[in-house]
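The values are calculated or read from the model by the stated rules, or taken from the named source; none is laboratory data. Owing to the predicted nature of the structure, the values given are computational and were not obtained by experimental measurement. We place every Cβ from the backbone using ideal geometry, glycine too, and count neighbours over all the protein chains shown.
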Amino acid sequence: MRKNIVAGNWKMNKTLPEGLALATELDKMLSGCQPKCEVIIAPPFIHLASITATIDTKKIGVSAQNCADKESGAYTGEVSAAMVKSTGANYVILGHSERRTYYGETPAILKEKVNLALKNELTPIFCIGEVLAERESGIYFDVVKSQIEGSLFHLSAEDFSKIILAYEPVWAIGTGKTATPQQAQEMHAFIRKTITEKYGKNIAENTSILYGGSCNPANAKELFANEDVDGGLIGGASLKAADFKAIIDTF
C-alpha cells in the first residue's frame, strides 16, 4: 500500500533559531499522537543537522530542498547528496518549479540529481507540473508526462519505486489559487496511468503522488479525499505549526 504523506517545504524562510523553534513545536504537537500519514519537513540546508539532532526523526522525516547534480568538487556554494545524507536527512525535494524557473534546471540536470540522491540513499520528492499558459493551452498532460519521462524513466523499476511524486500546478503555487479537487484527481490519475504504462500497475499503485499548490487547512480534506491524491507538499501553511498540524490531522 502506498503511503499518505504530508511534507512541508519551508523554502527560504526561517533563521536557524526560528527553524529550530518551529521544528521543536511541531515535534511536541506530534509527541502524544500517532499521525495517520508520514510527516516530512524540508528546512533550509543550514538547519538540517541541527533539526535532525533535536526532533524525533522516527515521527518526522527531514528533507533537503535540493541537492547538486555533481558528486563533489570545485562547485562553490553547492551542497551534494552525500552532504545532505550526512546531516541525518533522508529525503530531498527535486525539480521544484522554482528551481526549474529561477535556476534553469533542465530534465537532464534533474536526472543527475535523482541518480545521486538514490545513490546516497535519499528518497527524492520529485516535483512536476505545468505553468498557467500550458494549462490554458490544453497541453498540461503532455508537459507533465515529458517531465516524468525526461528525468525518471531511465530508472529501473526497483529505483523508480523509491520515488515520491509531487504534482504542483505552477499557477497555483503561492498565488492563493488552488486546483479544484477534480483537476487534482484528473492529473494524479493521469500520472498513475503514465507510470503504469512504463512500470506496471503494481509499482504505479504503490507510488505516492502528493498535491502541491496553495494547499491549506481549509482545502486539504477535499483534496486528499481523491482516490489518487496521497497527501500534500505544503508551502506557506507549513511555516506555522498549528496550520501544518491541521493538515496532518486531515488524515
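Here are some notes:
- Search result, residues across the stretch 207-233 that are in a loop (DSSP other than H, G, I, E, B) and within 16 Å of the chain's Cα centre (by Cα): T207, S208, G212, G213, S214, C215, N216, D228, V229, D230
- Residues that are small (G, A, S) and either surrounded by 17 or more Cβ atoms within 10 Å (Cβ to Cβ) or part of a strand (DSSP E or B) (or both) within the stretch 129-139 comprise just one, G129.
- The set of residues from the stretch 124-142 being within 17 Å of Y211 (Cα to Cα) and either of a type outside the set (D, E) or out of contact with any Phe, Trp or Tyr (no Cβ under 7 Å at 6 or more places or on another chain) (or both) comprises P124, I125, F126, C127, I128, G129, V131, L132, R135, Y140, F141.
- Qualifying positions in the stretch 196-219 - closer than 24 Å to K240 by Cα, at pLDDT 95 or above and among the aliphatic types (A, V, I, L, M): I209, L210
- Complete set of residues in the stretch 172-191 that are assigned to a helix (DSSP H, G or I) and surrounded by fewer than 20 Cβ atoms within 10 Å (Cβ to Cβ): P181, Q182, Q183, Q185, E186, A189, F190
- All positions within the stretch 71-97 that are of a type outside the set (G, A, S) and farther than 24 Å from S50 by Cβ: E71
- A Cβ distance below 8 Å, combined with a sequence gap of six or more or placement on separate chains, defines the contacts here; from the stretch 231-249, residues that are among the acidic types (D, E) reach residues that are assigned to a helix (DSSP H, G or I) in the pairs D243/A237.
- So F126, is it under 29 Å from I248 (Cα atoms), modelled with pLDDT of 95 or more, surrounded by 18 or more Cβ atoms within 10 Å (Cβ to Cβ) and out of contact with any strand residue (DSSP E or B) (no Cβ under 7 Å at 6 or more places or on another chain): no
- Only one entry in G95, G104, G88, G61 is modelled with pLDDT of 95 or more and more than 22 Å from K162 (Cα to Cα), namely G104.
- Sole residue being of a type in the set (S, T, Y), on the phi < 0 side of the Ramachandran plot, under 18 Å from the mean Cα position of the chain (by Cα) and surrounded by 14 or more Cβ atoms within 10 Å (Cβ to Cβ), chosen from S50, S63: S63
- Residue list for the stretch 5-20, restricted to those being among the aliphatic types (A, V, I, L, M), surrounded by 14 or more Cβ atoms within 10 Å (Cβ to Cβ) and free of Cβ contacts under 8 Å to residues at least 60 places away in the same chain: L20
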